[in-house]
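The values are calculated or read from the model by the stated rules, or taken from the named source; none is laboratory data. Here the structure is a predicted model, which means the values were calculated and not measured. When we count neighbours, we look across all protein chains shown, and the Cβ atoms used for this are built from the backbone with ideal geometry, even at glycine. Accessible surface is based on the protein model in full, side chains and every heavy atom, while ligands, DNA and RNA are left aside. Shrake-Rupley method; radii C 1.70, N 1.55, O 1.52, S 1.80 Å.
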Amino acid sequence: MQIVALQKMADSQIMRLERTIRNEAEAAARLFDVQVAASLRTARDDQQVVLGQLKAAVSKVEASHDTFFRFRRRLYVGIGSLLVLAIVSLVIVYQVLFGHYRQEYSRLLEEVAYLKTVDEADVAPCGDGRLCARIVKGGARFGEKKDYRLVELRK
């Protein structure tokens, strides 16, 4: 009988111990769930902060990207315009200088031809700063009043 009473007492103690363990395990599980939920909330809050910062950074990068491409487009247009203006300026300067020097070259060629003709004419100083020339007798007359005659060339 005592064994049966001891057995009953042991069974009741085991049941109480099991209930205590179960209660303690459930309390620990609830505490764990509360702590996990708090940790998850904190992690979600931190994640939202990080995502907000990431979205702001992405927006800034996109704005910088758009600004860069708008600036690059303007830069290309500006460089192209400058290049066209430089070429047009070079062409204009070339035409002005080429035209000027072409006229100057033509004038110098005429002057050289005139000086060559004068050099070939038989002309000599006569004194008192005057020139004398040997003229072609019976040659044609020139000028408005027909008062000029051909000068004979040196031999």
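Of note:
- Site pair residue 14 and residue 79 shows an inter-label distance of 9.0 nm when each label is modelled 7 Å from Cα along Cα→Cβ.
- Each Lys and Arg contributes +1 and each Asp and Glu -1, all at the Cβ; summed about the Cα centre of the chain, the dipole is approximately 560 debye.
- Relative contact order (percent, whole number), the chain, Cα cutoff 8 Å, 6+ residue spacing: 10
- Sequence-distant residues sharing a close amide H with residue 134 (under 5 Å, placed H): 122, 152
- Alpha-carbon centroids, the range 1-76 and the range 77-130: separation in whole Å: 93
- Amide H to amide H distances under 5 Å link residue 148 with 142, where only residues 5 or more positions off or on other chains count and H is placed in the peptide plane.
- Shape of the range 3-155, Cα gyration tensor, a/c cut at 1.5: prolate
- Site pair residue 30 and residue 59 shows an inter-label distance of 4.4 nm when each label is modelled 7 Å from Cα along Cα→Cβ.
- Principal axes of the range 111-155: Cα extent on each, largest first, Å: 27, 24, 22
- Using a cutoff of 8 angstrom between alpha carbon atoms and counting only pairs six or more residues apart, the relative contact order for the range 69-155 works out to 18 percent.
- Computed with a 1.4 Å probe over protein heavy atoms only, the accessible surface of the chain comes to 93 Å² per residue.
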